[in-house]
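Visitor: Have a look at this one before I ask anything.
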Amino acid sequence: MLDLAGAPAGDLRRLPATSWVRLERLVTSTRTALVLLAPAHVATSAGGATLALVAARHQWSGVAGPARLLRGLRVSAAAGRLQPRTVLFDLHAL
Amino acid sequence: MFAALACPSSPPAGALLELAREFAPRVEEAGPALVLLDLAGLGRLWPDPRALGQALLEAGAVRGLALQVALAHTRTAAALLARAVPGLTLIVPGGEATALAPLPLALLGLPPEQQELLRLWGLRTLGQLAALPARGLAERLGPGGPRLRRLARGEDERPLAPAPPPESFELQLDLEWPVDGLEPLAFLLQRLLEPLCAQLVRRGRRAAALELELRLVDGRRHARRLAPPAPSADPRTWRTLLILDLEAHPPGEAAQALRVRAEPTAARRVQFSLLDPAQPAPEALAETLGRLSAWTTAGRGGAPRLLDSHRPGAYALAAFNPPEAARREPSSPLLTPGRVALRAFRPPLPAEVALQAGVPRFVAAAGLRGPVLDCAGPWRASGDWWDEAWARDEWDVALPAGLFRIFRDRLQDGWYVEGELD
């Protein structure tokens, strides 16, 4: 897993596009799955599947106050560019 | 000819054997306080056997051992006399039976019932037992009877079984000219490591750790010790690890002599699984870890280990020692509920937080700024007041940029963004 989610999107765009192709070729002939996390769609020229994840809603328990807890996140995942298919799922914090 | 060293007072373990090895290469440990020496071939060194016996007594006295020494042409006679007669006893060839005759039967270490039987026969000394006919003893005691008679006459039943010499995996190289720099040192290390590793392989051993000592031109000694996760007998791996370690800890002066000592361990036997993913070779893993450790400052490389503490993010570095791949059933990710992860900022980002009635309303930090849309908290936590105290109030806040965890350090009275929840 290559986690670039905390990196500024501008810095990622300045990376040469060949970097992603090299990474893809490194893992294509192996049984390894490379998961790239980024704040935007950076590996535009490489193959593979792209999943756009957006936090749709925060879920809290109870009313505002000291006893309140974060219950989780409702995330929308969209796959495909021309005819995107969207799925909603929950991530639990408790 | 044989010599026997006996020490009536319990000597330290291995002390007699160590003393005996200084006089003869073939020695046998016949008991906790009895050692036999094969003196064959020592005639040119010690023309007079009495002088050799005196030297053995003096060597024992120097070490604080009150020895009883006997020299005879059979090992049985030497052993029995050394256990029975104080000081030095020297027996001429053919005089073993005569010398042993007055000694008590108890020296043979017989079982109590057999000793009682011989006592009932009226036998008290070895000479009385030796005088009995072998045929009569065999008829009454079985095959053990003639054997007892041979022992009482000082005759050997078997040759000396020498104890194997202690294994030493140490090599030293004295240089005519001092060597400075790692590159020539690498060649010299290779000259030491190749025969050392070959010796380890011949004995079916691997080196669990390696000690390198450099004697420097200014008289100092630069000593390093390496203990990789897996034992190895590969000279190339050890050379790479030593050079990486010397790069991180340079000796500072040219070296005049090198000494390498290996701590041997049994060779590794691993049965790899056909189904598990391939594991890296231990030698390659040790080399990679050595390189990573050399790149980090002060060798801060390893595997994180959680500490038994409530302090968020408390961990320590331990040696990277991956367990063998455990067989487990693949779990379906679709059936496992997803969890919110904290993407921690290391170190936490200092922040400015505006409060309203004690609740965060606005957060500003490097690359992060916005009003608090929703929040939960505070959760107060503290600990380690006896050591490095910490105390904090944590909040989960929803900002326009996402969901973040912030906290107020109550000891320093400052706000920080700990990480992003996603």
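Visitor: Taking only the alpha-carbon atoms of chain B, what semi-axes of the equivalent ellipsoid follow from 5 times the gyration tensor eigenvalues under a square root, in whole Å, largest first?
Guide: 74, 30, 22
Visitor: Here is a follow-up. Go through B:187-193, B:216-222 and give me the packing order, highest mean Cβ count within 10 Å leading. Before the final figure, lay out each step's value.
Guide: Details: B:187-193: 17.3, B:216-222: 12.4.
Result, highest mean first: B:187-193, B:216-222.
Visitor: Further, regarding this structure: Length gain on complete extension for the stretch B:Gln412 to B:Ala51, per 0.36 nm per residue less the alpha carbon to alpha carbon distance? Don't skip to the answer; put the middle values down first.
Guide: Working: separation 361, 0.36 × 361 = 129.96 nm, distance 8.15 nm.
Net length gain for the segment: 121.8 nm.
Visitor: At a probe size of 1.4 Å, how large is the accessible area of B:Phe345, to the nearest 10 Å²?
Guide: Taking all protein chains as shown, B:Phe345 has close to 50 Å².
Visitor: Given the Cα atoms of chain A, and with Rh set as the inverse mean 1/r over their pairs in the Kirkwood sense, what is Rg to Rh to two decimals? The partial results should precede the final answer.
Guide: Numbers: Rg = 17.1 Å, Rh = 15.8 Å.
Answer for chain A: 1.08.
Visitor: In chain B, what percent of the accessible surface is made up of carbon and sulfur (1.4 Å probe, ligands and nucleic acids excluded)? Please report the intermediate quantities before stating the final value.
Guide: On the way: 13280 of 24350 Å².
Result for chain B: 55 percent of the exposed heavy-atom area is carbon or sulfur.
Visitor: Compute the normalised compactness of the protein assembly as shown: alpha-carbon radius of gyration over 2.2 N^0.38 Å, N being the residue count.
Guide: Scaled against compact globular proteins, the figure is 1.65.
Visitor: Where only protein heavy atoms count, and the probe is 1.4 Å, what is the accessible area per residue for segment B:103-161 in Å²? Can you show the working numbers first?
Guide: Numbers: 3380 Å² over 59 residues.
With the other protein chains kept in place, segment B:103-161 gives 57 Å² per residue.
Visitor: Moving on to the next point. Residues of segment B:345-389 losing 20 Å² or more of accessible area relative to the isolated chain, 1.4 Å probe, heavy atoms only?
Guide: B:Asp374, B:Cys375, B:Ala376, B:Gly377, B:Trp379
Visitor: Right, another one. Taking the Cα centre of the protein assembly as shown as origin and charging only Cβ (+1 Lys, Arg; -1 Asp, Glu), how large is the dipole, in debye to the nearest 20? Kindly include the intermediate steps, with their values, before the conclusion.
Guide: Details: 59 positive and 52 negative charges, 253 e Å.
For this selection, approximately 1220 debye.
Visitor: Turning to a different aspect of this structure: So, with +1 on the Cβ of K and R and -1 on the Cβ of D and E, and no other charges, what is the size of the charge dipole of chain B about its Cα centre, to the nearest 20 debye? All intermediate terms of the calculation are to be shown ahead of the outcome.
Guide: Working: 48 positive and 48 negative charges, 272 e Å.
Once rounded to the nearest 20, the dipole reads 1300 debye.
Visitor: Taking 0.36 nm per intervening residue step and subtracting the Cα-Cα distance, what contour gain separates A:Ala40 from A:Met1 on full extension? Could the numbers behind the result be given before it?
Guide: Values: separation 39, 0.36 × 39 = 14.04 nm, distance 1.59 nm.
Additional length available on full extension: 12.4 nm.
Visitor: If you count only protein heavy atoms with a 1.4 Å probe, what accessible area per residue comes out for segment B:354-422, rounded to a whole Å²? Walk me through the numbers before you get to the answer.
Guide: On the way: 3580 Å² over 69 residues.
Computed with neighbouring chains in place, this is 52 Å² per residue.
Visitor: Right, something else. So what is the relative contact order of segment B:1-108, in percent, for Cα pairs below 8 Å that sit 6 or more residues apart?
Guide: On the way: 183 pairs, mean separation 33.1, N = 108.
That works out to 31 percent.
Visitor: Oh, and also: Summing both sides, how much accessible area is buried between B and A? Use a 1.4 Å probe and give Å² to the nearest 100.
Guide: Working: alone 25050 and 7560 Å², together 31240 Å².
The contact between A and B buries close to 1400 Å².
Visitor: Where does each of B:His73, A:His58 land when they are ordered by accessible area, with a 1.4 Å probe and the largest first? Numbers along the way, then the final one.
Guide: Values: B:His73 80, A:His58 50 Å².
Descending accessible area places them as B:His73, A:His58.
Visitor: Per 0.36 nm of contour for each residue apart, how much would the distance between B:Leu226 and B:Ala134 grow if the chain were fully extended, relative to their Cα-Cα spacing? Provide the component values of the computation, followed by the final result.
Guide: Working: separation 92, 0.36 × 92 = 33.12 nm, distance 6.31 nm.
Once the chain is fully extended between B:Leu226 and B:Ala134, it gains 26.8 nm.
Visitor: Count, for each residue of A:69-75, the Cβ atoms from other chains sitting within 10 Å of its Cβ, then give me the mean as a whole number.
Guide: On the way: counts 4, 12, 2, 5, 7, 0, 3.
Across A:69-75, the average partner-chain Cβ count within 10 Å equals 5.
Visitor: I would also like to ask the following. Can you compute the modelled spin-label distance between B:Arg202 and B:Ala389, with each label point 7 Å from Cα toward Cβ, in nm?
Guide: Going by the 7 Å Cα→Cβ label model, 6.5 nm.
Visitor: I'd like the mean, over residues of B:337-344, of how many other protein chain beta carbons sit within 10 Å of each residue's own Cβ. Kindly include the intermediate steps, with their values, before the conclusion.
Guide: On the way: counts 5, 7, 6, 13, 3, 1, 4, 1.
The per-residue average across the peptide is 5.
Visitor: Where in segment B:387-407 is the amide nitrogen less than 17 Å from a point lying 7 Å along the Cα-to-Cβ axis of A:Ala55?
Guide: B:394-407
Visitor: Next up: Quick check: from the Cα gyration tensor, does segment A:48-90 come out rounded (a/c under 1.5), prolate or oblate? Write down the numbers at each step before the final one.
Guide: Details: a/c = 5.09, a/b = 3.98, b/c = 1.28.
Cα axes put segment A:48-90 in the prolate bin.
Visitor: Can you list which of the trypsin sites (Lys or Arg not before Pro) found in segment A:38-86 are DSSP loop residues with at most 10 other C-beta atoms within 10 Å? Walk me through the numbers before you get to the answer.
Guide: Details: sites: A:Arg57, A:Arg68, A:Arg71, A:Arg74, A:Arg81, A:Arg85; in loops: A:Arg68, A:Arg81.
Filter output for segment A:38-86: A:Arg81.
Visitor: Between B:Leu275 and B:Ala186, what is the label-point separation in nm under the 7 Å Cα-to-beta-carbon projection?
Guide: 4.4 nm
Visitor: What does the average come to when, for each residue of peptide A:54-66, you count the partner chain Cβ atoms lying within 10 Å of its Cβ? Spell out each step's value before the answer.
Guide: Working: counts 0, 6, 0, 1, 9, 1, 5, 1, 1, 0, 4, 3, 7.
Mean number of neighbouring Cβ atoms from other chains: 3.
Visitor: Still on this model: Binning every alpha carbon pair distance of segment B:19-64 at 5 Å from zero, what are the percents per bin?
Guide: The calculated distribution, bin by bin, is 5, 20, 28, 30, 13, 4, 0.
Visitor: Express in Å², to the nearest 10, the accessible area of B:Trp121 obtained by rolling a 1.4 Å probe over the protein heavy atoms while all chains stay in place.
Guide: Its heavy atoms expose roughly 100 Å² to the probe.
Visitor: So how much accessible area does B:Leu317 have, in Å² to the nearest 10, using a 1.4 Å probe?
Guide: The value for B:Leu317 is about 70 Å².
Visitor: Right, next: Given points 7 Å out from each Cα along the Cα-Cβ axis, report the A:Ala9 to B:Glu29 separation in nanometres with one decimal.
Guide: In this crude label model, A:Ala9 to B:Glu29 measures out at 7.5 nm.
The values are calculated or read from the model by the stated rules, or taken from the named source; none is laboratory data. Everything numeric here is computed off the predicted structure, so don't read it as measured data. Reconstructed Cβ throughout: ideal geometry from the backbone, glycine too, with neighbour counts over all protein chains shown. Each accessible area value is taken on the protein alone, full model and side chains, heavy atoms only, with ligands, DNA and RNA left out. Shrake-Rupley method; radii C 1.70, N 1.55, O 1.52, S 1.80 Å.
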